[in-house]
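The values are calculated or read from the model by the stated rules, or taken from the named source; none is laboratory data. Remember, predicted model here, so these are calculated numbers, not experimental data. With ideal geometry, Cβ positions are generated from the backbone for all residues, glycine too; neighbour counts draw on all protein chains shown.
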């Protein structure tokens, strides 16, 4: 479980996150949603430690990450897997080397065990027989799946995804969402996904935190979201014609 | 001054929270190939012509009949060892390797590959930059020795085939009043230049912000600043160690 307590972050005069709190539970797909520029990616980067918040706490199973010493931070980070918006695969390494990378650097596992683990996670994300292909030789959807495989190869307890569906067609997006939900459920990971994709929200949003104008305006799940009564959230959720029709149908 | 402070803090980060020795050994060997071996052809071509042209130009300027021809060998030798081999090779090195380091790290930064390392709990500065600096420190002195040798060889070719002076006199000049400290001085310079080129280029690339345009700008800035740093340190080292 990850608890975020009164997180505040500013860049110069601009406050991007203002006193935001939320609880991301284990075994659930937790979504941070909001319009572009609302601060959701900044919130994710504060949670994983790529930014340091001005104030507030981020607790990983009770361990405060923000004020932790270097060793504790390193220990927590080694329990984290992250899927970046563009995949962030190492372009000088092939698929197998990318997925094996955390095991190479962070463990003393024998080589054959590493390869077994890599093949297992590649099979889990439905990417068998792609081991020797370079990131530039595979599609965007496959790159995202390699990114997911790399994020879970080290038995991560926490999985973070920054816009996992960006640049993907709707069908591939749904497959990625389903994969993330399956992995979360199967390995009982705490998964936090930043997205503005409404399909994802409706499909896998077991806990949703909505950010607008630097503040948390609503939290709930995908069943409650259409009856939130929050104008900004309604404007976000029912932005397109199809969703408006859906709402009109009750 | 802010940039200088950032650069010093960046260098400090290289030695904190490092990964295992085994990890670095493989990375350093890979970088030695990329940085050192891949530069041999360019350095060799430049050095041979540098030595040949130095011989021809020294001969062209040596009009006084009272000065023996073998002085050409002496001039080419000292010019090559003291200045051309370490400094000109350094500037070529900054163009080839410095821009490559900055471009590589800059691309990794804008495509979030550096963030990916940080999230895994890996000190990205140390993991990515330290092997490049160590490999450069190991390989650049060898390139300077190679450059010096080939430049003197190039001078011989010019003497032999350019009809400037008989090769025997050229060799006689090479041995004339030889001071071993010149070689030590060249190697000291090579270590300093290697450190400056690799660390400055890594700093420029590592802190790239933006997109493809900024990666290009970081590479250009890395080469420019590295060249200026080489020339400044060249002057300081000459002042400190030769005068």
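Hey, can you tell me all the residues within the stretch A:29-52 that are in a loop (DSSP other than H, G, I, E, B), in contact with a helix residue (DSSP H, G or I) (Cβ under 7 Å, 6 or more places away or on another chain) and away from chain B (no Cβ under 14 Å)? I'd like the intermediate steps shown before the answer.
Of all residues in the stretch A:29-52, those in a loop (DSSP other than H, G, I, E, B) come to A:34-39, A:49-52.
Applying the additional criterion that residues be in contact with a helix residue (DSSP H, G or I) (Cβ under 7 Å, 6 or more places away or on another chain) yields A:34-35, A:49-51.
Selection gives A:34, A:35.
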Residue identified as part of a helix (DSSP H, G or I), in contact with a helix residue (DSSP H, G or I) (Cβ under 8 Å, 6 or more places away or on another chain) and crowded, with 21+ Cβ neighbours inside 10 Å among A:114, A:9, A:100:
A:100
Failed condition for residue B:95, given (1) touching a helix residue (DSSP H, G or I) at 6+ places or on another chain (Cβ under 7 Å); (2) farther than 18 Å from residue B:204 by Cα; (3) away from chain A (no Cβ under 14 Å); (4) surrounded by fewer than 23 Cβ atoms within 10 Å (Cβ to Cβ), with all others met?
(2)
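Has the stretch A:53-60 got at least one residue that is within 16 Å of the chain's Cα centre (by Cα) and either within 14 Å of chain B (Cβ to nearest Cβ) or modelled with pLDDT of 95 or more (or both)? Show your work before the answer.
Step one: filter the stretch A:53-60 for residues within 16 Å of the chain's Cα centre (by Cα), giving A:58, A:60.
Narrowing further to those that are either within 14 Å of chain B (Cβ to nearest Cβ) or modelled with pLDDT of 95 or more (or both): A:58, A:60.
Checked the stretch A:53-60: at least one residue is within 16 Å of the chain's Cα centre (by Cα) and either within 14 Å of chain B (Cβ to nearest Cβ) or modelled with pLDDT of 95 or more (or both).
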So which helices (runs of 4 or more DSSP H) stay within the stretch B:13-80 end to end and still have 2 or more residues that are within 14 Å of chain A (Cβ to nearest Cβ) and buried (at least 17 other Cβ atoms within 10 Å of the Cβ)?
B:21-31
Within 14 Å of another protein chain (Cβ to nearest Cβ), within 23 Å of residue A:163 (Cβ to Cβ) and without any contact (Cβ under 8 Å) to a residue 12 or more places away in the chain: does that describe residue A:11?
yes
For residue A:236, are the conditions met, namely being in contact with a helix residue (DSSP H, G or I) (Cβ under 9 Å, 6 or more places away or on another chain), within 30 Å of residue A:63 (Cα to Cα) and in contact (Cβ under 8 Å) with a residue 60 or more places away in the chain?
no
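Condition check: more than 14 Å from chain B (Cβ to nearest Cβ), more than 19 Å from residue A:151 (Cα to Cα), surrounded by fewer than 20 Cβ atoms within 10 Å (Cβ to Cβ) and touching a helix residue (DSSP H, G or I) at 6+ places or on another chain (Cβ under 9 Å). Does residue A:23 satisfy that?
Values: more than 14 Å from chain B (Cβ to nearest Cβ): yes; more than 19 Å from residue A:151 (Cα to Cα): yes; surrounded by fewer than 20 Cβ atoms within 10 Å (Cβ to Cβ): yes; touching a helix residue (DSSP H, G or I) at 6+ places or on another chain (Cβ under 9 Å): no.
So residue A:23 does not fit the description; no.
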From the list A:154, A:165, pick out the single residue that is outside any helix (DSSP H, G or I) and over 18 Å from residue A:85 (Cβ atoms).
A:154
For the stretch B:122-141: of the residues being surrounded by fewer than 21 Cβ atoms within 10 Å (Cβ to Cβ) and within 14 Å of chain A (Cβ to nearest Cβ), which is farthest from residue B:203 (Cα to Cα)?
B:123
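Somewhere in the stretch A:72-85, is a residue more than 9 Å from every other protein chain (Cβ to nearest Cβ), within 30 Å of residue A:8 (Cβ to Cβ) and in a strand (DSSP E or B)? Break it down stepwise before answering.
Within the stretch A:72-85, the subset more than 9 Å from every other protein chain (Cβ to nearest Cβ) is A:72, A:83.
Among the residues that remain, those that are also within 30 Å of residue A:8 (Cβ to Cβ) are: A:72, A:83.
Now restrict to residues that are in a strand (DSSP E or B): A:83.
Yes, the stretch A:72-85 contains at least one residue that is more than 9 Å from every other protein chain (Cβ to nearest Cβ), within 30 Å of residue A:8 (Cβ to Cβ) and in a strand (DSSP E or B).
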